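Structure first, commentary second.
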Amino acid sequence: MSGRTSAPACPERTCIGCRQRSARNGLLRVVRNGDRCVPDLRGTLPGRGAYVHPTPSCLELAVRRRAFPRAFRTQGPLDIGELREAVGRTPPEEP
């Protein structure tokens, strides 16, 4: 046996709100578009991406920690209105 497992590897990312590592498919990718944060539901938008759990608590924690400007390496505040709407309509995760 070669020591390899039969299960494919699942990429992990860190939530910028709670700083917990999770599977990429359990997180919401966010990209910067001008001076606003846009949810990337398909994961295909160009540019630097940041990941956050699709829950209001993680989103608020990321805003309070000023994690979005740091993750996107930009100065000043970013508009997250569109992101708040996307998190509000995302169904909760099944444990």
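Since every read-out is calculated from the coordinates, none of them should be taken as a lab result. Quick caveat, the model's predicted, so the values are computed rather than measured. Glycine also receives a Cβ, built like all others from the backbone with ideal geometry; neighbour counts cover every protein chain displayed.
Of note:
- If the condition is being surrounded by 15 or more Cβ atoms within 10 Å (Cβ to Cβ), of a type in the set (Asp, Glu) and assigned to a helix (DSSP H, G or I), then the range 31-75 contributes no residue at all.
- Put simply, of Arg42, Arg21, Arg36, Arg48 the only residue that is free of Cβ contacts under 8 Å to residues at least 12 places away in the same chain, within 20 Å of Gly81 (Cα to Cα) and not polar (S, T, N, Q) is Arg42.
- Residues located in the range 76-86, provided they are part of a loop (DSSP other than H, G, I, E, B) and aliphatic (A, V, I, L, M): Leu78, Ile80
- If you go through the range 21-30 and keep only what is surrounded by fewer than 18 Cβ atoms within 10 Å (Cβ to Cβ) and within 22 Å of Arg89 (Cα to Cα), you end up with Ser22, Ala23, Arg24, Asn25, Gly26.
- If only residues of the range 14-30 that are charged (D, E, K, R) and assigned to a strand (DSSP E or B) are counted, the one that is nearest to Leu78 (Cα to Cα) is Arg29.
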